Amino acid sequence: MISGVIILSVIFMLAGIFFFVTATVGILRFPDFFTRLHATGKGDTLAVLLCLISLAIYEGFSLTALKIVFIAVFMALAQPAATHAISGAALRGGMQPWMKGEKENDSGI
């Protein structure tokens, strides 16, 4: 019989994979660099957190699970800051955000 811990861990992992896939679709579908960066910044952060929580739940109460939680906290703080820094550098570099009615700007990738 499958335990509740494994079921909960699989649910969190599948949710994380879902958000990884939606972030990837955002890269392919959105028109410019900034909207693509937004999709990956939000989607990947949530996906990594869900996957790491899944691994911590699966591991149980142990030192390894505590290390996984520390990694998750670091990722939750670092990924949005990195996304903000990348978008700021793109703006300072002269890249203009896409406006409605314009053609898609593929110069950002």
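The values are calculated or read from the model by the stated rules, or taken from the named source; none is laboratory data. Nothing here was measured: the structure is a model prediction, and the numbers come from that model. When we count neighbours, we look across all protein chains shown, and the Cβ atoms used for this are built from the backbone with ideal geometry, even at glycine.
Name the residue, out of I7, I2, that is assigned to a helix (DSSP H, G or I) and more than 30 Å from M95 (Cβ to Cβ).
Values: I2 fails: assigned to a helix (DSSP H, G or I).
Result of the check over I7, I2: I7.
Kindly provide the set of residues from segment 1-27 that are surrounded by 12 or more Cβ atoms within 10 Å (Cβ to Cβ) and of a type in the set (S, T, N, Q), ordered by number.
S9, T22, T24
So which residues in segment 29-77 are among the β-branched types (V, I, T) and in contact (Cβ under 8 Å) with a residue 24 or more places away in the chain, if there are any at all? If you could, list the steps in order and put the result at the bottom.
Initial filter on segment 29-77 (among the β-branched types (V, I, T)): 35, 40, 45, 48, 53, 57, 64, 68-69, 71, 73.
Result: T35, T40, T45, V48, I53, I57.
For every residue, the table says whether it meets (1) under 17 Å from L14 (Cα atoms); (2) aromatic (F, W, Y); (3) surrounded by 14 or more Cβ atoms within 10 Å (Cβ to Cβ).
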| position | (1), (2), (3) |
| --- | --- |
| R29 | no, no, no |
| D32 | no, no, yes |
| R36 | no, no, yes |
| A39 | no, no, yes |
| L46 | yes, no, yes |
| L55 | yes, no, yes |
| T64 | no, no, no |
| M75 | no, no, yes |
| T83 | no, no, yes |
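Among the residues of segment 15-26, is there at least one that is at pLDDT below 95, of a type outside the set (S, T, Y) and not in a helix (DSSP H, G or I)?
no
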